[in-house]
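Novice: Below: one structure in structure tokens.
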Amino acid sequence: MAVLSDNIESFLISLLQEEENPVILVQRNELASYFRCAPSQINYVLSTRFTLERGYTVESRRGGGGYIRIVKMDLDKNSYLRYLLEEGIGDAMSQDDAITALVRLYESGSISQEQYTLCSSLVTDKTLGVPAPIKDRVRANLMRQMAAVFLRGGSTTANANTNDTFANKK
């Protein structure tokens with residue numbers, strides 16, 4: 001099933017890339033017929049692969065002339081970072097949601113490949129090493145702090161003070 005979902009996602013992304021404006025209109029039943037799958041499979045792909053966290057909005061209109069509108073948002077990095085801080089990171093965050101947010105930050109140019117690699121390794125269940133009930137809460141706190149640092153341009157007051165203190169000791 002994952003291969004089918006990947007194929008549907010790739011197909012829709014290629015359609016978006018062909019458009020001058022990153023907006024496409026598709027019909028669920030036609031898409032399902034094309035991929036020889038149930039319309040619910042199309043719904044699954046749309047709800048899991050074309051999310052706000054990944055930079056998409058999906059609108060659906062049912063009925064005879066119904067359609068699905070997929071829009072690739074042109075979010076600048078600061079607005080997505082603000083979204084993460086204000087709404088996107090709640091009291092808890094799963095490993096998958098954290099990695100998805102980091103991928104979005106990397107794809108938007110908000111963070112470098114090195115920052116993505118480091119941060120994604122920090123939010124894994126294996127790295128956190130705390131009891132299961134609190135992993136998602138710890139991860140949310142880590143993500144919130146990372147987003148705040150990225151929003152400020154990568155420096156923290158603590159780092160600035162440490163560097164000043166180190167320079168004074170030389």
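Values in this text are rule-based calculations from the coordinates and carry no lab data. Quick caveat: nothing in here was measured; it's all calculated off a predicted structure.
Novice: Taking amide H atoms as placed 1.01 Å from N in the peptide plane, list the residues 5 or more away in sequence, or in a different chain, whose amide H sits under 5 Å from that of I111.
Specialist: So I111 has HN proximity to Y106.
Novice: Per 0.36 nm of contour for each residue apart, how much would the distance between S33 and I13 grow if the chain were fully extended, relative to their Cα-Cα spacing?
Specialist: 5.4 nm
Novice: Which whole-number percent gives the relative contact order of region 77-157, counting Cα pairs below 8 Å spaced six or more residues apart?
Specialist: Across region 77-157, relative contact order equals 44 percent.
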